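Colleague: First the structure, which I've put down as structure tokens, then a few questions once you've had a look.
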Amino acid sequence: MNIINFTPLSALTGGLLIGLSVILFFILNGRMVGISGIASDFLISKDNRIDNLLFLIGLILGPSIYTFFSGQEIEISISNSLFLLIGGGVLVGFGTRLSSGCTSGHGISGISRFSLRSIIATMTFMIVGILTVLITNIL
Amino acid sequence: MNKIVSLFCGIIFGIGLVISEMINPAKVLGFLNLFGEWDPSLAFVMIGALVVSTPLFHLFKNKEKPIFSSSFSISNKKEIDKKLIIGSILFGAGWGLVGLCPGPAITSIALLNMSSVTFVIAMFVGFYIAKLS
């Protein structure tokens, strides 16, 4: 194992903001953030539809607001084929709904509550994610 | 008021994903590449988020009600079942293939990257299939 590209300060700063969002949403609106839940409920359920939509719009406004205040462009790199993008997207959408949570819902909100379900889910998707990258690198 | 809170919390969450670079699939795949060239940064995203949310959650959970809403709504599921495990395995596989999970995927729509837009459409199809099944 070699460690590369390590940026603990920006990661920690971003994490603190994510934690702040989660706790404000709880204290003020009484709900725990889970993006897969918010997004799929927006698609499927009439309950809280406007709130869910506004949260998603907020997410999408985030990068522009960041760029406006910092003056820094955001660069991302995705190198998958169309087939893998679609396959990966369906797996993420279907999997997170089957298990009722994703990185935010289980990994942050659930673990904050000390939910055993969420701790097991988080360990499972982390381990499978690591194994998937290992296998992809070998193939 | 809770509409404004929803928008504001979304914005803060989105900016957090940008600053931490969780929005960048290459960064996420670097984190998951534990057995190769490993970038441990994203562990600090989780630490940062949990350091804020965990103590404050336990401080406020026994309050009568949230400030702008009539009651708290928290999952009361306890069961460790097949759905939880199989769902998490499928999610982990998709996450490891592309490096996007739902929050960063939706946030990255702002960058008008065709790959991430394609991924998000497929993810919503996945939500819908889960609803049907």
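The values are calculated or read from the model by the stated rules, or taken from the named source; none is laboratory data. Small disclaimer: the values here were computed from a predicted structure and weren't measured. Every residue, glycine among them, receives a Cβ derived from its backbone with ideal geometry; neighbour counts consider all protein chains shown. Please note that ligands, DNA and RNA were not included when accessible areas were found on the heavy atoms of the full protein model with its side chains. Shrake-Rupley method; radii C 1.70, N 1.55, O 1.52, S 1.80 Å.
Colleague: Quick one: dipole size for the stretch B:35-133, taken about the Cα centre, charges +1 on Lys/Arg Cβ and -1 on Asp/Glu Cβ, in debye to the nearest 20.
Modeller: 480 debye
Colleague: Which value in nm describes the separation of the simple spin-label points at B:K65 and B:I47, placed 7 Å from the Cα toward the beta carbon?
Modeller: 4.0 nm
Colleague: Leaving out ligands and nucleic acids, note down the accessible area per residue over chain B with a 1.4 angstrom probe, in whole Å².
Modeller: 45 Å²
Colleague: Treating the angle as unsigned and between 0 and 90°, give the value, to the nearest 10°, between the Cα long axis of helix B:82-98 and the longest Cα principal axis of chain B.
Modeller: Value to nearest ten degrees: 50.
Colleague: Still on this structure: How big is the charge dipole of chain A about its Cα centre, in debye rounded to the nearest 20, if each Lys and Arg gets +1 on its Cβ and each Asp and Glu gets -1 on its Cβ?
Modeller: The dipole of chain A has a size of about 400 debye.
Colleague: Just to be sure I understand the model, the point goes 7 Å from the Cα along the line to the Cβ. What's the resulting B:F35 to B:K78 distance in nm?
Modeller: Output for this residue pair reads 3.8 nm.
Colleague: At a Förster distance of 22 Å, what's the computed FRET efficiency of B:N113 paired with A:I135, Cβ-Cβ distance as r, to 0.05?
Modeller: The value I calculate is 0.30.
Colleague: Show me A:21-33, B:52-64 ranked by packing, highest mean number of other Cβ atoms within 10 Å first.
Modeller: Order by mean packing, descending: A:21-33, B:52-64.
Colleague: Computed over the Cα atoms of the stretch B:30-133, what is the ratio Rg over Rh, Rh following Kirkwood?
Modeller: Rounded to two decimals, Rg over Rh is 1.02.
Colleague: Hey, got the Cα dimensions of the protein assembly as shown along the principal axes, in Å, largest first?
Modeller: For the protein assembly as shown, the Cα extents along the three principal axes come out at 54, 45, 32 Å.
Colleague: Could you work out how much longer the chain between A:T67 and A:K46 gets when fully extended? Use 0.36 nm per residue separation minus the Cα distance between them, nm to one decimal.
Modeller: Gain in length upon complete extension: 4.2 nm.
Colleague: OK, next. Picking from B:L90, B:G30, B:A110, whose Cα lies most toward the positive end of the charge dipole for the stretch B:16-133 (charges on Cβ: Lys, Arg +1; Asp, Glu -1)?
Modeller: My answer, from the dipole projection, is B:L90.
Colleague: Roughly how large is the A-B contact in terms of buried accessible area, totalled over both chains, probe 1.4 Å, nearest 100 Å²?
Modeller: 9500 Å²
Colleague: Measure up B:K27/B:K65; B:K3/B:K82; B:K27/B:K78; A:K46/B:K83 against 31 Å on the Cα-Cα distance and list the ones that go over.
Modeller: Pairs exceeding 31 Å: B:K27/B:K65; B:K3/B:K82; B:K27/B:K78.
Colleague: Then there is this: To the nearest Å, what is the center-to-center distance of the stretch A:1-61 and the stretch A:76-100, using C-alpha atoms only?
Modeller: What the calculation gives is 18 Å, centre to centre.
Colleague: Where the accessible area of chain A is counted over protein heavy atoms with a 1.4 Å probe, how much of it, in %, is carbon and sulfur?
Modeller: Using a 1.4 Å probe with all protein chains present, chain A comes out at 69 percent carbon and sulfur.
Colleague: Taking only protein heavy atoms into account and a 1.4 Å probe, give the accessible area per residue of the stretch A:1-124 in Å².
Modeller: With the other protein chains kept in place, the stretch A:1-124 gives 44 Å² per residue.
Colleague: Among A:I86, A:G15, A:S104, flag the residue with its Cα farthest along the positive direction of the charge dipole of the protein assembly as shown, charges on Cβ as +1 for Lys/Arg and -1 for Asp/Glu.
Modeller: A:S104
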